[in-house]
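To start, the structure itself, in C-alpha cells.
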Amino acid sequence: MIKKALLIILLLCFSIQAIAYEDIIQKWAKEFEPSALKNNEKIEELKWFYEVSKPFRGKKISTIAEDIKTHFWERDLLSKAFEEITGIHVEHVIVGEGDLIRIITEQMMTGRMIHDAYVNDSDLIGTHLRLNKVVNLTEYMKGEGKNYTNPNLDLKDFLNLEFCQDYDGNQLQIPDQQFANLYWFRYDWFTDEETKKAFKKEFGYELGVPINWEAYEDIAKFFTGRKMKNPNGTSVHAYGHLDYGKPSPSLGWRFTDAWLSIAGVGDKGLPNGLPVDEWGIRVENRIPVGSTVERGGDLDGPAAVYALTKYIEWMNNYAPPDSKKWEWVDSGPKASRGDIAQQIFQYITWLSDENFHKIGSPVVGKNGKPVWRVAPTPHGRYWEEGMKVGYQDAGSWTIPWNVRGNHRAMAWLWVQFCVSKTVSFKKFLVGGTPNRTSTIFHPYLTEHSSDYGGLIEFYRSPEEKKWTPSGLNVPHYPALSGIWWSNIARAIKGEMTPQQTMTTIAKTQDEMMEKLKLEKYAPKLAEIKSREYWFNEPGAPKPELPPQKAKTVPYDELVKQWQKK
C-alpha cells in the first residue's frame, strides 16, 4: 500500500510539472505575439528550448550588451522568459559601447573569463578573424554544438549574415539586431508649397531628398534660421543640420561608421571596398599594407580631407551650437524636438524613442503619423556607383574561445533564443532594430509601414545591402579606433587643419598596425611610393575632384523606384 501511494504521489508530481510546463510555454507563446511564426510553430520552437536545456537547469551564465532599448528588453523580458523555459539563469549586463569593447578585448587578450557571450558589433570582425579568439560558429554548429543548434534557426532568414563572416564564409558572429545610419528629414516642411517655391527661387532647383553633399549643403543653408511651424502649433527657427562633436569615443565612431565612405574614400565593393576600404586601409592577399596614400591607402587623401572639412563646416554653420557638447546618445533623439530640418547621419535606433511617434510631439501629425522620413544617405563628390553608401550597425552575438563545454552550450542556447523567429518580430517592435527578413516582410509592417517614416520601405529595398559595418580589412578595431577621436577633437577646435588631422591619423594608424602581433593575416606595411604614383593608379586613393552639380529627388519618387527593383 505504501509503495502504491508513493507511486501515485510521483505520478501526480509529474502531472503537475507537465501542466506547469505547458502553461509556461503557452504563456510565452502568447507574450511573443505578433510573431513571424504561427502559434503552433512558436510552441514547437519553445518546446525545443525546454527539452534541449534539461541538463543545464539551475545553472547560470553571464552575457553583456550595449545600452540601447533592444538590449534592455532582452535583459528585462527575454532573460526571464528564457529562465522560465530552460531553467538557465542569464545575467544580461548592459553597459556603454566603449566599455563593452574594452571588456571583450580584455577577455580575448588575457584569457580571463568575464562573460559567456557578447553582443559585440560586427565592426570587430577583422579583429576576431586575426586574433582567432572567438568561437567559429560554423564549425561549432556542425560539430560539438550540433545537438544544441535550433533546427528552426534558419540562417538564410537573417539580414546581412555576411557582415559576421570571415574571408572563407565562416560565421564568427550572428546578428542580434541591426540599425542603419540614414538621412532623416522633415517631410512636411520639404513638401510645403511655399517652402518649395522659396527654395527653388534661391537655388534654382527643386527641394527634395539630396542625392549629393552639394544639395545637402544648400538645404542646410536654406533652412538654418528660417521660421517654420510644427504640427503641434509651435513655431521654431530651424537648423539645417544636426550632428555631435564631443571629445569621446563616439566622436571616432562618427567617422569610422562609414563617414569617409559616404564622402567617397576607398574602392568599390560590398560589403566593403577592396583593396581599399572606408578606413582608408589597403589590403593585399588579406594582409593590411597601409593607410597613408604613400602606401596605397586613402586615409590622408583628398576624399578623407574633404570628409572632415565638410563635417566641421556643417557643424559650425548649420547645427545647434550645443552639438559640440553632445555624444551620439545625446544627439540621436534631438531631431524630435522640432527645430531640425534634416540630418545626414541619423542612427535609426533613436527613432524608437516615443517622441518621434506620440501625438503632441512637434514631429508627429494630428493623425498620429510621423511627419519625418528616412531616406538614403547623400554621398560626397568622391563616391562612385558600386561603393557602399553608408553605415549599418550589426550588433552581433560573439562567444569568446575560452567559453567551453556546458557554458558554451548554454551561451549558444541563449543566443539562439534572442534571435529566434519566435521573439525577433516582437523585439523589432520594441527597439526598431531588425535582424531577420521574416521580420521586415511581416504583414503587420505592410499594414503599419506609415508609422515608421520610410524605414520599412528602406529595409525592403535592394538598396539596404549598400549600408554596411566596418569590414575584414580593419585588423584590430579596439586598438585603431582610439586613434581617431582625439585627433578629430583637435580639428574641431581648430588646433590642426583637416589635412594635418588626417595625415596624423593615417601615419599613427600605420605605426600601430606595424606593431600588431596577430595570429592570422597580420599587417605588413608596403614600401613608400609618391602620392602622384598612387593618384595615377586606378581606384583609391583618388586625386582631388571639383564640386558636383547639386541634385535632389522627390521622396515619393524615390520610394517608387525602390518598389520597382
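Neighbour counts of C-beta atoms inside 10 Å place L545, L413 in the sequence L545, L413, starting with the fewest.
For the range 346-430, what ratio Rg/Rh do Cα atoms give with a Kirkwood hydrodynamic radius?
On the way: Rg = 19.5 Å, Rh = 17.2 Å.
Here the Rg-to-Rh quotient is 1.14.
In the calculated pair distance distribution of the range 257-388, what percentage of Cα-Cα distances lie above 25 Å? Intermediate results must be reported in sequence, preceding the final value.
Numbers: 3483 of 8646 pairs.
When all Cα pairs of the range 257-388 are counted, 40 percent exceed 25 Å.
Regarding the range 25-169, what's the average projected area of the Cα-atom convex hull, expressed in nm²? Computing the convex hull of the Cα atoms and averaging its projections yields 9.5 nm². Ignoring lysines fewer than eight residues from K426 along the same chain, the ones with Cα atoms less than 17 angstrom from its Cα are K27, K30, K38, K42, K69, K80.
Okay, helix-only estimate at 222 nm for the chain: each DSSP H run of n ≥ 4 adds -39500 (n - 2.57), divide by all residues, round to 500 deg cm²/dmol; what do you get?
-12000 deg cm²/dmol
Take the Cα coordinates of the chain, assign each an equal point scatterer, and use the Debye formula without solvent to give log10 I(q)/I(0) at q = 0.06, 0.07 Å⁻¹. Reported log10 I(q)/I(0), two decimals: -0.32, -0.43. Under conditions of 10 °C and 1.306 mPa s, the range 136-291 yields 79 µm² s⁻¹ as its translational diffusion coefficient, taking Rh as the Kirkwood radius over Cα pairs in the Stokes-Einstein equation.
Among H89, H476, H237, H128, the ranking by other beta carbons within 10 Å of each residue's beta carbon, starting with the fewest, stands as H237, H89, H476, H128.
For the range 464-564, take the alpha-carbon Rg, divide it by the Kirkwood Rh, and send me Rg/Rh. Don't skip to the answer; put the middle values down first.
Values: Rg = 18.9 Å, Rh = 17.7 Å.
Answer for the range 464-564: 1.07.
When the chymotrypsin sites (Phe, Trp or Tyr not before Pro) in the range 414-487 are filtered for DSSP coil states and for at most 12 other beta-carbon atoms within 10 Å of their beta-carbon, no site remains.
A straight line joining the Cα centroids of the range 80-140 and the range 299-335 runs 31 Å. In the range 146-206, what GluC sites (Glu not before Pro) fall in a loop by DSSP, with at most 14 other Cβ atoms inside 10 Å? Passing both the DSSP loop test and the Cβ count: E206. Scattering from the range 363-479 was approximated by placing one identical point on each alpha carbon and applying the Debye formula without solvent; log10 I(q)/I(0) at 0.09, 0.10 1/Å stands at -0.38, -0.46.
In the structure shown, the pairs K465/K515; K310/K520; K229/K324 are assessed against 28 Å; a Cα-Cα span above that value is assigned to K465/K515; K310/K520. Per-residue Cβ neighbour counts within 10 Å put I125, I488, I85, I359 in the sequence I359, I85, I488, I125, beginning with the fewest.
Report, to one decimal in Å, the Kirkwood hydrodynamic radius for the range 113-218 based on all distinct Cα pairs.
Working: mean 1/r = 0.0553 Å⁻¹.
Hydrodynamic radius (Kirkwood, Cα pairs) of the range 113-218 is 18.1 Å.
Applying 1/(1 + (r/R0)^6) with R0 = 22 Å to the Cβ-Cβ distance of E511 and L270 gives a FRET efficiency near 0.15. Return, ordered by residue number, the residues of the range 44-83 whose backbone nitrogen is under 18 Å from a label point located 7 Å along Cα→Cβ of T149. It comes to 48-49, 52-53, nothing else. Alpha carbon centre of the range 40-75 versus the range 377-449: separation in Å? A separation of 16 Å, based on Cα centres.
Every number in this text was worked out from the coordinates using simple rules, so none of it is lab data. No experiment lies behind these values; they were computed from the predicted model shown. Neighbour counts run over all protein chains shown; Cβ positions are idealised from the backbone, glycine included.
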